[in-house]
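As structure tokens, the structure follows; a few thoughts come after it.
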Amino acid sequence: MMGKKTLVVHELVRQRTDGQEESLTLQPGVNILVGRPNTGKTIWLKMLDYLFADDKRPEDAFSQIVADKYASVRMTIRIGGEIYEITRKWQQPVATSKVFVGQEALSLQDYCTFLMHQLEIPLVHYPQGDPYSERSWPVLSWRSLMRHVYRRQSSWSQLASEQPESEQHACIAQFLGIAEHLFSDEYGDLVKSRKEVDRLKTIKEQYLKMLHELSEEILPRAEIGVALTADSINSARDRIAANIKTLESNRDQILQSLQEKISPAPTEERNMVDELANKLTGLESARIAWLTKILGITKRLSELKDYRSAIASELDRVVRLQAAAQLLKPLKVTHCPACDQPVQRGSDTTHCYVCGQEKPGGVEDPRASEKRVDFETEQLKAELGEADDMIKALEVDVQRKERELQSIDEDLNDTRAQLRPVQKAAASILPPEITILDTEKGKLYERLQQLERVKRSLGKEATLNQEITKIQARIEELEEKNAQQEGQVDFETASNILAEGMNTYLDAIQKARRGSWDQAHVGLRLEKRRFKFRIRNQSPSILGGTLRLYFFLAYQYSLMRLSPNAGYNYPGLAVLDYPATMEGTSVADKENFTLEPFIELLEKPEMENTQIIAAGSAFENLEGVNRIELDHAWADE
């Protein structure tokens with residue numbers, strides 16, 4: 001049963017700067033680009049890769065000479081039953097970062113998303129390295145998958161060139177159809193939530209540590225106790241309140257004792273002092289009230305001046321408009337703005353002589369526009385006059401209130417002068433203990449205020465605890481959902497499918513040429529966050545150059561086998577640029593037996609919509625392939 005859609009390239013065309021076109025016609029199945037070295041095989045494949053959203057500059061993607069020689073490259077592809085023409089241009093700088101799907105210009109990112117959507121490959125976010133690191137989870141894009149689809153001539157020594165192992169793991173999981181379960185939205189949310197809880201806990205610990213250190217600086221340790229808590233703060237507050245009460249009691253006793261020792265002042269003198277004190281209090285309140293009024297009027301005055309400035313600017317613009325209108329008035333419409341043919345004004349003043357439509361209001365008043373401008377001018381002048389009047393009135397009001405304030409200040413100074421002898425006499429009578437007690441009481445009141453501030457800050461801990469509890473409840477829900485998602489992932493079966501395909505290929509080339517693969521079978525251990533290929537419990541890195549080439553061809557073969565099956569996400573296309581070390585050897589069919597298993601695979605009915613594009617030096621006597629021979633030598637390849 002056919003599952004996911006596949007991608008087939010039908011034609012590849014490049015246009016030179018002189019307008020001439022060069023093309024390759026490709027077919028489903030195996031296509032081979034054949035030619036001796038420097039005939040342009042690799043350039044064609046690099047251009048094909050460039051059409052698949054390579055983000056490098058053209059001169060870096062193919063070479064400066066090729067970028068200067070050609071202006072664009074396009075391909076015709078089929079995805080499922082739909083045909084698309086894809087074009088990239090680079091002679092115009094604005095088009096370099098665009099991909100044209102038909103006539104629609106897409107950004108590289110949107111184009112990658114387009115390909116994934118058309119191929120029905122789900123978009124997933126995957127962790128780069130440690131899932132709990134500070135790095136965000138990027139989207140596993142088409143370009144990541146393309147590193148496994150297109151094996152460059154220089155990338156036969158590694159699974160995917162210039163790709164971290166975490167990204168390779170994500171690509172394999174995507175091809176095997178398990179990525180959307182392995183990197184589900186629930187798992188991403190779970191990781192974010194756990195990171196958020198850790199962050200809040202760290203903030204809480206640092207906050208409490210800082211608050212405790214600050215409290216030790218402003219409060220004696222005896223008032224804090226072992227740890228800073230709401231209870232310890234309340235206890236310290238009660239002790240300070242008791243000390244204040246004791247100081248007030250001591251002060252009252254000293255004053256009572258002093259009052260008993262001295263004779264009371266005459267009633268007349270006491271009444272005068274009381275009157276002066278009351279007058280001083282009233283004057284200070286009146287001064288504050290007048291200051292508030294003056295500030296309010298000053299603010300209103302500033303706003304009015306800004307308003308007047310805006311009106312004056314608008315009036316100036318209207319006056320300039322009138323002057324410009326007088327200059328432009330003689331100018332008439334002489335040509336139709338649509339067809340540029342001359343037009344003439346007729347005697348009919350009820351219709352526009354350009355468009356022929358009836359004018360609003362019938363006969364045009366020749367001075368209508370001038371009257372409208374004159375009206376606006378008069379309005380602005382009137383508003384400007386009103387603003388000037390209001391500003392003048394407010395300025396007078398401010399001056400009056402400033403005089404009143406000056407009078408109050410004079411009364412304040414006079415009243416303070418009258419009270420000064422009394423204050424000096426009281427200061428000489430009061431014992432120094434009163435001053436000491438008042439100072440100590442002031443310190444205790446300040447400490448009470450500090451305790452209240454610390455207590456309010458301590459409430460931040462409760463807020464953090466509530467946030468942590470809320471997120472932890474969310475984590476429990478996500479853990480359950482994520483467990484359900486991961487329960488759908490059968491790592492053993494996925495590993496066996498990929499390894500089985502690789503061993504099938506290696507068995508085929510071993511039968512075709514005895515001794516070509518003298519190693520044990522390939523094993524794969526695919527896990528939640530990593531994967532390991534093994535040959536006799538050793539890494540494939542132990543393989544020599546030729547055996548490593550067979551190993552990576554086996555990998556491409558196994559991926560290709562996934563193409564027609566439901567549940568997998570391989571696009572059904574492989575591009576193989578055989579390494580130069582395989583070319584120019586005396587045995588021309590050395591390339592043949594490595595490609596024959598692919599030919600047999602793609603001849604199967606279920607593989608009818610898949611495609612291999614391979615480039616090599618000979619591929620002689622191969623049947624069942626579309627052979628494209630290149631004979632023009634490229635000096636720069």
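The values are calculated or read from the model by the stated rules, or taken from the named source; none is laboratory data. The structure displayed is predicted, hence computed values, not measured ones. Here the Cβ is made from the backbone with ideal geometry for all residues, glycine too, and neighbour counts use every protein chain on show.
Considering only segment 49-64, state which residues are farther than 16 Å from SER154 by Cα and either touching a residue at least 12 places away in the same chain (Cβ under 8 Å) or surrounded by 20 or more Cβ atoms within 10 Å (Cβ to Cβ) (or both).
Correct list: TYR50, LEU51, PHE52, ALA53, ASP54, ASP55, ARG57, PRO58.
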Determine whether segment 299-322 contains at least one residue that is modelled with pLDDT under 80, surrounded by 10 or more Cβ atoms within 10 Å (Cβ to Cβ) and assigned to a helix (DSSP H, G or I). yes
Kindly evaluate ARG548 against the criterion of being in contact (Cβ under 8 Å) with a residue 60 or more places away in the chain and over 16 Å from LEU595 (Cβ atoms). yes
Please work out which residue is surrounded by the fewest Cβ atoms within 10 Å (Cβ to Cβ), limiting yourself to segment 16-42 and to residues that are over 19 Å from THR76 (Cα atoms) and among the β-branched types (Val, Ile, Thr). THR17
When segment 65-100 is checked residue by residue, the ones that are without any contact (Cβ under 8 Å) to a residue 60 or more places away in the chain, crowded, with 18+ Cβ neighbours inside 10 Å and among the β-branched types (Val, Ile, Thr) are ILE86, THR87, VAL99
Just the residues that are among the small types (Gly, Ala, Ser) and either in a helix (DSSP H, G or I) or at positive phi (or both), please, taken from segment 87-104. ALA95, GLY102
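If we scan segment 593-615, do we find a residue that is of a type in the set (Gly, Ala, Ser), in the same structural domain as ILE121 (by TED's automatic domain parsing) and modelled with pLDDT of 85 or more?
Taking segment 593-615 as the starting set, the residues that turn out to be of a type in the set (Gly, Ala, Ser) are 614-615.
Then keep just the ones that are in the same structural domain as ILE121 (by TED's automatic domain parsing); that gives 614-615.
Next cut, modelled with pLDDT of 85 or more only: 614-615.
Yes, there is a match, as at least one residue in segment 593-615 is of a type in the set (Gly, Ala, Ser), in the same structural domain as ILE121 (by TED's automatic domain parsing) and modelled with pLDDT of 85 or more.
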Would you point out which residue out of ARG403, ARG420, ARG416 is of a type in the set (D, E, K, R), modelled with pLDDT of 85 or more and under 30 Å from THR281 (Cβ atoms)? ARG403
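Counting just the residues of segment 260-297 that are acidic (Asp, Glu) and at pLDDT below 75, which one comes out nearest to ARG416 (Cα to Cα)?
At the first step, the residues of segment 260-297 found to be acidic (Asp, Glu) are 260, 268-269, 274-275, 284.
From the residues that got through so far, the ones that are at pLDDT below 75 too are 260, 268-269, 274.
Details: GLU260: 29, GLU268: 19, GLU269: 16, ASP274: 13 Å.
The selected residue is ASP274.
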Wholly enclosed helices (runs of 4 or more DSSP H) of segment 105-197 bearing at least 2 residues modelled with pLDDT of 80 or more and touching a Phe, Trp or Tyr at 6+ places or on another chain (Cβ under 8 Å): 108-118, 142-149, 165-175
Which numbered condition in (1) modelled with pLDDT under 90; (2) under 36 Å from the mean Cα position of the chain (by Cα); (3) in the same structural domain as GLY567 (by TED's automatic domain parsing) is the only one that ALA494 fails? (1)
Within segment 10-17, is even one residue modelled with pLDDT under 95, more than 37 Å from the chain's Cα centre (by Cα) and farther than 26 Å from TYR111 by Cα? no
Scanning segment 518-539 for residues that are not basic (Lys, Arg) and not in a loop (DSSP other than H, G, I, E, B) gives VAL522, GLY523, LEU524, LEU526, PHE531, PHE533, ILE535, GLN538
For segment 36-45, state whether one or more residues are aromatic (Phe, Trp, Tyr) and within 27 Å of SER161 (Cα to Cα). yes
